[in-house]
Amino acid sequence: MSASLPGDRDLPASQYDLATYYGRVRHTVQLTDPSTLFAGTAGLEKAKKLITDYKTGKIENMTPDLWKAKKIVDSTLHPDTGEPVFLPFRMSCFVLSNLIVTAGLLQPGLGAFGTVAWQVTNQSLNVAINSSNANKSSPLTTADLAKSYTAAVTASCSIALGLNAIVPRLKVAANTRNILSRLVPFAAVASAGALNVFLTRSKEMTTGTEIRPVLSLAAKAKLLEEGKSERDIPSLGKSQKAAKIAVYETAASRVINNTPIMIIPAMILYNIQSKQAWYKRLMEKEWVKARPRVAGTIPIGINLCLLTVVSYISLPLALAVFPQQQQIDADSLEPEFHGKGGVDGKVWFNRGL
């Protein structure tokens, strides 16, 4: 992110008030904006130069171009390492990367092989995204990541196959059974998605995450005079309690994000297919009946459109529930951090996304 670039001046954290949910939503919309994916290497370097010019005093005030440059940098570089996140695993590419997988998971009548294949694909993507955007102060080893991946895949496939076997046997009305069958992917994805976060960030909860004191405006100004930023302050150490908060909140945000994506399009599509006269008229047209592939593509196309709209609305709303730069009372952490907080006794840490 912009904090990793050279210069004595820090950019404002955001155009919006990150202390409020609405402000975080507006800020997260910037981080998840897919237009930043088209910046490319040249666009990123140009953005980094603009920000460096501001931080070194060559540009005095924030301008629209500078805010755009910050959006590109913040959505591309990892806040801990300052290195670009691999494009398919950036939050600005989250919806696009997940769209095909989600559409595949929601297809009716997948069978055991199809269910396993799509759950493996989904969990592979989840592991890549979670590990790429996690707090990097306690990175997983390749062996730990492999164990987490195997556990997440096993859990998601077990849940999906188990529910697929149970739902048809339930003694409920046919309509209720149809609705429940469409919610099986949600149950599998939501539960396995949360588990995936815990597994891929398990080491973080064991070793802890780095925390630093929240600085006053005067302290920040003194740092700027010395050519430093908040990240140059030595950490107070690693807190397991802070790490657990980071992982719990990230897991919760995944469930919050998955809930509308896996439920709303499925329910709307079910309503369209079962109750909407225009859909029935369309499917009864001779040219549609004569082309089975077209007949099968129509509901898939509708589903993809619904998924895209709901996903782009849901992602910033879910990610903004908890601040990325989390502040907490130092006295609520381990005893060794008591009394070491900064402003109002608080410390901060990077929660990850």
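The values are calculated or read from the model by the stated rules, or taken from the named source; none is laboratory data. Keep in mind the model is a prediction, meaning the values are calculated, not measured. Quick reminder, even Gly has a Cβ in these numbers, built from the backbone with ideal geometry, and neighbours come from all protein chains shown. We work out accessible area using only protein heavy atoms, side chains counted, and drop any ligands, DNA or RNA first. Shrake-Rupley method; radii C 1.70, N 1.55, O 1.52, S 1.80 Å.
Between Asp17 and Phe86, what length in nm is gained on full extension when 0.36 nm per residue of separation is reduced by their alpha carbon distance? Show your work: numbers first, answer last.
Values: separation 69, 0.36 × 69 = 24.84 nm, distance 2.85 nm.
Separation in residues times 0.36 nm, less the Cα-Cα distance, equals 22.0 nm.
Each Lys and Arg Cβ is given +1 and each Asp and Glu Cβ -1; about its Cα centre, the chain then shows a dipole of about 1460 debye.
When Arg293, Arg90, Arg281 are compared by accessible surface with a 1.4 Å probe, the order from highest to lowest is Arg293, Arg281, Arg90. Look at the alpha carbon pairs under 8 Å that are at least 6 residues apart: their mean separation over the length of the range 1-84 gives a relative contact order of 45 percent. Between the Cα long axis of helix 111-133 and the first principal axis of the chain there is an angle of about 10°, rounded to the nearest 10. Taken over the Cα atoms of the range 3-82, the convex hull encloses 95 Å³ per residue. How large is the helix-only mean residue ellipticity at 222 nm for the chain, computed as the sum of -39500 (n - 2.57) over DSSP H runs with n ≥ 4, divided by its residue count, in deg cm²/dmol to the nearest 500? Value at 222 nm, helices only, nearest 500: -20500 deg cm²/dmol. If you roll a 1.4 Å probe over the heavy atoms of the protein chains, what accessible area per residue do you get for the range 91-350, in Å²? For the range 91-350, the per-residue accessible area is 48 Å². Once all protein chains are placed together, Lys238 keeps about 80 Å² accessible to a 1.4 angstrom probe.
Counting Lys and Arg as +1 and Asp and Glu as -1, what is the net charge of the other residues whose Cβ lies under 13 Å from the Cβ of Trp278? Please list the in-between numbers first.
Values: positive: Lys275, Lys280, Arg281, Lys285; negative: Glu284.
Charge balance in the 13 Å sphere: +3.
With the simple spin-label model, which puts each label point 7 Å out from Cα in the Cβ direction, the Val172 to Lys289 separation comes to 3.4 nm. Of the residues Ser253, Pro213, Asn175, the one whose Cα sits farthest toward the positive end of the charge dipole of the chain, with +1 on the Cβ of Lys and Arg and -1 on the Cβ of Asp and Glu, is Asn175.
For the chain, averaging the sequence separation of C-alpha pairs within contact (under 8 Å, six or more residues apart) and dividing by the residue count gives a relative contact order of 20 percent.
One decimal place: the segment Ser158-Ile302 gains 49.0 nm when fully extended, by the rule 0.36 nm per residue minus the C-alpha distance.
How high is the FRET efficiency between Lys340 and Val309 when r is their beta carbon distance and R₀ equals 51 Å, given to the nearest 0.05? Walk me through the numbers before you get to the answer.
Numbers: r = 47 Å, r/R0 = 0.92.
Efficiency for this residue pair is about 0.65.
When the solvent-accessible area of the range 91-350 is split by element, carbon and sulfur atoms take up 64 percent of it, the probe being 1.4 Å. Our note on the geometry: Cα centres of the range 201-220 and the range 294-351, 17 Å apart. Solvent-accessible surface of the range 1-84, averaged per residue with a 1.4 angstrom probe and all protein chains in place: 53 square angstrom.
Leaving out ligands, DNA and RNA, what percent of the accessible area of the range 1-84 is carbon and sulfur, probe 1.4 Å?
Numbers: 2400 of 4420 Å².
Accessible surface attributable to carbon and sulfur in the range 1-84 totals 54 percent.
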